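Every number here is computed from the coordinates shown, using simple stated rules; none is lab data. Quick caveat, the model's predicted, so the values are computed rather than measured. Cβ atoms come from the backbone with ideal geometry, glycine included; neighbour counts cover every protein chain shown.
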Amino acid sequence: MLIGELSRRTGVNAHQLRYYEAQGLLEPRRGGNGYRDYADDAVLTVTQIRRLLEAGLSTQEIAFLLPCATGTAPDLEPCPELLATLRTRLRGLDEHIDTLVRSRQALHDYINATERRMPRPNQDCETTPQPTR
């Protein structure tokens, strides 16, 4: 099938499909006219790529994992290297989430501290210290 058909069947635009090819995730044949010719199983492969991307994996990680993928979930065949890659990515996500939670709390603290310094409705604004420039 041509790239337009694969795009239509998967809902992934042709630009992204060419990117997946450049990353080594898709391997179309080339017709005599130079057009990409995708096998029918490319629909499944694109579905797997999209699901793995949704899990937060990079295309480099997906290139490593994709040969182990089966089905549309995708299901992954167990092996130590595969689990190590997934666990490493999960640790990275957990660390990022922890950083975001700390940043969120710091912003809440700044907002609360600033709101406490706001003049009350019956308080004259001119008596409130103004920030210096």
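Name every residue in the stretch 84-118 that is within 17 Å of Gln48 (Cα to Cα) and of a type in the set (A, V, I, L, M), in order of residue number.
Matches in the stretch 84-118: Leu86 only.
Output yes when any residue across the stretch 8-26 is more than 20 Å from the chain's Cα centre (by Cα) and more than 22 Å from Asp75 (Cβ to Cβ), and no when none is.
Yes, because at least one residue in the stretch 8-26 is more than 20 Å from the chain's Cα centre (by Cα) and more than 22 Å from Asp75 (Cβ to Cβ).
Listed residues Arg8, Arg30, Arg18, Arg50; which is closer than 26 Å to Leu90 by Cα and of a type outside the set (A, V, I, L, M, F, W, C)?
Checking each option against the conditions leaves just Arg50.
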